[in-house]
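The values are calculated or read from the model by the stated rules, or taken from the named source; none is laboratory data. Please read all numbers here as calculations on a predicted model, not as lab measurements. In this analysis, Cβ positions are derived from the backbone assuming ideal geometry, glycine residues included, and neighbour counts consider all displayed protein chains. Keep in mind that these areas ignore ligands, DNA and RNA; they rest on the heavy atoms of the full protein, side chains included. Shrake-Rupley method; radii C 1.70, N 1.55, O 1.52, S 1.80 Å.
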Amino acid sequence: MSDKGHSVKVNLLGKEHQFACPQGQEQALLAAAENLNANVERMRSRSAIRNDDKALLLAALTLSHELLEAKAQLHQQSVQQHALCNKLEAALQQED
């Protein structure tokens with residue numbers, strides 16, 4: 001093993017898998033696996049999908065969509081904050 005990381009075992013869809021993981025990120029990897037498992041179970045409960053691969057793909061697509069939406073919202077908030085900072089800076093310069 002290198003100093004950069006080590007292997008961590010996670011359970012996905014009832015099967016154990018081993019992944020390389022940077023030191024200190026073990027809990028994040030385990031939480032991500034738990035989140036993925038929960039999303040797969042949600043997909044199964046909402047649809048007739050029973051195939052592990054299809055349920056996993058649907059969960060991955062849903063998570064990818066949520067990530068893209070969150071990034072778009074973050075970008076929009078950043079644009080709004082930048083605009084507000086510019087307004088504040090202009091107002092402060094007018095007072096001088």
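Inside the range 61-80, residues that are surrounded by 11 or more Cβ atoms within 10 Å (Cβ to Cβ) and out of contact with any helix residue (DSSP H, G or I) (no Cβ under 8 Å at 6 or more places or on another chain) make up a count of 2. If you go through the range 12-45 and keep only what is touching a strand residue (DSSP E or B) at 6+ places or on another chain (Cβ under 9 Å), closer than 20 Å to THR62 by Cα and not β-branched (Val, Ile, Thr), you end up with ALA28, LEU29, LEU30, ALA32, ALA33, GLU34, LEU36, ASN37. Which ones in the range 81-96 are part of a helix (DSSP H, G or I) and open to solvent by 70 Å² or more (accessible area, probe 1.4 Å)? Listed by number, the residues that qualify are GLN81, HIS82, LEU84, CYS85, ASN86, LYS87, LEU88, GLU89, LEU92, GLN93, GLN94, GLU95.
The residue of the range 1-16 that is modelled with the lowest pLDDT, among those that are open to solvent by 70 Å² or more (accessible area, probe 1.4 Å) and more than 19 Å from the chain's Cα centre (by Cα), is MET1.
State whether one or more residues within the range 37-44 are open to solvent by less than 50 Å² (accessible area, probe 1.4 Å), of a type in the set (Gly, Ala, Ser) and assigned to a strand (DSSP E or B). No, there is no match, as no residue in the range 37-44 is open to solvent by less than 50 Å² (accessible area, probe 1.4 Å), of a type in the set (Gly, Ala, Ser) and assigned to a strand (DSSP E or B).
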